[in-house]
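> Structure provided below as C-alpha cells; questions to follow.
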Amino acid sequence: MAEPIKKSKTAAEIKAQKKYMEKFCEIKVRMTKEERELVQAYAQKLGLSTCNFIKNAISNFSGIIFDGKKEDE
C-alpha cells in the first residue's frame, strides 16, 4: 500500500499554529524511557493524553485548577 502524500502547510497555517503556540510554555520532567512509557500507557488506559493525565495528577495532588484558581479559593 502506498504511503499517503503529506500536504505541506500553507503560510497561513504556519502563522496560525505559531500564534496558537505562543500561548503555551513547556515544563520538562526528567524520567527514564521506561517511566515515560508507564505514564503514557496509564494515561492511554484512562483515555487521556499524557499531558492531560499529568495536569489531572497535579490538580488532584495540589488542588490547583488550571484556570488559575485553587479549589479552596
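The values are calculated or read from the model by the stated rules, or taken from the named source; none is laboratory data. These numbers come from a predicted model, not from an experiment. Note that we place each Cβ from the backbone using ideal geometry, even for glycine, and neighbour counts take in every protein chain shown. Accessible surface is based on the protein model in full, side chains and every heavy atom, while ligands, DNA and RNA are left aside. Shrake-Rupley method; radii C 1.70, N 1.55, O 1.52, S 1.80 Å.
> Give me the pairs, please: first residue somewhere in the stretch 50-64 and of a type in the set (Val, Ile, Thr) and outside any helix (DSSP H, G or I), second residue anywhere and modelled with pLDDT of 90 or more and open to solvent by less than 80 Å² (accessible area, probe 1.4 Å), beta-carbon distance under 8 Å, and either six or more positions apart or on two chains.
Ile64/Ile58
> Of the conditions (1) surrounded by 11 or more Cβ atoms within 10 Å (Cβ to Cβ); (2) of a type in the set (Phe, Trp, Tyr); (3) at pLDDT below 95, Tyr42 satisfies every one except a single condition; which number is it?
That leaves (3) as the condition not met.
> While we're here: Of the residues that sit in the stretch 7-38 and are more than 24 Å from Ser49 (Cα to Cα) and open to solvent by 100 Å² or more (accessible area, probe 1.4 Å), which one is modelled with the lowest pLDDT?
Ranking the qualifying residues of the stretch 7-38, first place goes to Lys7.
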